[in-house]
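> So that we are looking at the same thing, I have put the structure below in structure tokens.
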Amino acid sequence: MGYQTEYKGEFKFSQELSASDLSYLKKMLGKDSRDHPEWGIKLDNYYVSLEFLDDFSGLRWDGMEKTYSMPQILDFILTKMQERLPEFSMDGRMVAQGEDVDDLYEITIVDGVPIKRDLKPTGRKVQCPHCEEYFYLT
């Protein structure tokens, strides 16, 4: 059992992708980087834990357990897609919450680079007397 992080948010493509470009991208989503030496990268948690939005206009976390390297995954997608489409980019924001209540951060894309910025939880930190977990009261 390892550490779990949950991601909320999405990244929209800065341009509409052709069916061919979507197909190319689909071949990476949800895949294990260890099975693809041609990619030239082994991701920290191996999997490209992203999926298309319902309308294929962008990407979101696919819910895969133990995803903890989302900035690296996004950088990989941006790099691979820019090899095919130099103008490819994404816009949006993803908020990540780890198992530790203080493990909170956001990911944005600035000038084609995923940026991770720590966030401070708001409210008063309290401990549950029953389960001894910490949480914030707002």
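> Aspartates and glutamates within cross-link reach of K27: Cα-Cα under 13 Å, excluding same-chain residues under 8 positions apart?
D35, E38, E51
> Under 10 Å, Cα contacts only: if you run a Gaussian network model on the chain, which one of G123, G92, G30 comes out with the highest mean-square fluctuation?
Maximum fluctuation in the GNM of the chain, among the listed residues, is at G123.
> Count the net charge of all other residues whose Cβ sits under 14 Å from the Cβ of K116, scoring Lys and Arg as +1 and Asp and Glu as -1.
Result for the local shell: -3.
> Could you calculate the contour length gain from K31 to Y134, that is, 0.36 nm times the residue separation minus the distance between their Cα atoms, to one decimal place in nm?
Residue separation times 0.36 nm, minus the Cα-Cα distance, leaves 33.6 nm.
> So for S57, S20, fewest C-beta neighbours within 10 Å to most, what's the order? Before the final figure, lay out the partial values.
Working: S57 13, S20 9.
In increasing order of surrounding Cβ atoms, one gets S20, S57.
> I'd like the FRET efficiency for K125 and L53, computed as 1/(1 + (r/R0)^6) with the beta carbon distance as r and R0 of 30 Å, rounded to 0.05. It would help to have the intermediate numbers written out before the result.
Details: r = 34 Å, r/R0 = 1.14.
Efficiency, rounded to the nearest 0.05: 0.30.
> Name the most mobile residue of I73, I109, I41, meaning the one with the largest mean-square fluctuation, in a Gaussian network model of the chain with Cα contacts below 10 Å.
The residue that fluctuates most here is I41.
> With a cut-off of 15 Å, note down the residues of segment 55-89 whose backbone N falls inside the zone around a label point 7 Å from the Cα of Y46 toward its beta carbon.
Taking a point 7 Å out along Cα→Cβ of Y46, the residues of segment 55-89 whose backbone N falls under 15 Å are 64-69.
> Can you give the calculated 222 nm mean residue ellipticity of the chain, where each DSSP H run of n ≥ 4 adds -39,500 (n - 2.57) and the sum is split over every residue, rounded to the nearest 500 deg cm²/dmol?
Mean residue ellipticity, 222 nm, calculated: -5000 deg cm²/dmol.
> If you build a Gaussian network model of the chain, linking Cα atoms that sit under 10 Å apart, which residue out of V95, V48, V126 swings the most?
Comparing V95, V48, V126 in a Gaussian network model of the chain, the most mobile one is V126.
> Note the direction-averaged projected area, equal to a quarter of the hull surface, for the Cα convex hull of the chain, in nm².
In nm², the orientation-averaged hull projection of the chain is 9.7.
> Which cross-chain or sequence-distant (5 or more) residues have an amide H under 5 Å from the amide H of D62, H modelled 1.01 Å from N in plane?
Those qualifying (amide H under 5 Å, at least 5 residues apart or on another chain) are L50, E51.
> Where does each of E10, E133 land when they are ranked from fewest to most other beta-carbon atoms within 10 angstrom?
In increasing order of surrounding Cβ atoms, one gets E133, E10.
> Further question: Do the alpha carbons of any pairs in K26/K80; K26/K116; K80/K120; K66/K125 sit beyond 22 Å of each other, and which pairs?
K26/K116; K80/K120; K66/K125
> Another question, then. Give me T5, T108 sorted ascending by neighbouring Cβ count inside 10 Å, so fewest comes first.
Sorted ascending by nearby Cβ count, the order is T108, T5.
> Mind checking the angle between helix 70-84 and the chain's longest principal axis? C-alpha axes, 0 to 90 degrees, to the nearest 10.
10 degrees
Each value in this text was obtained by applying a stated rule to the coordinates, not by laboratory testing. Values in this document were obtained by computation on a predicted structure and should not be read as measured data. Every residue, glycine among them, receives a Cβ derived from its backbone with ideal geometry; neighbour counts consider all protein chains shown.
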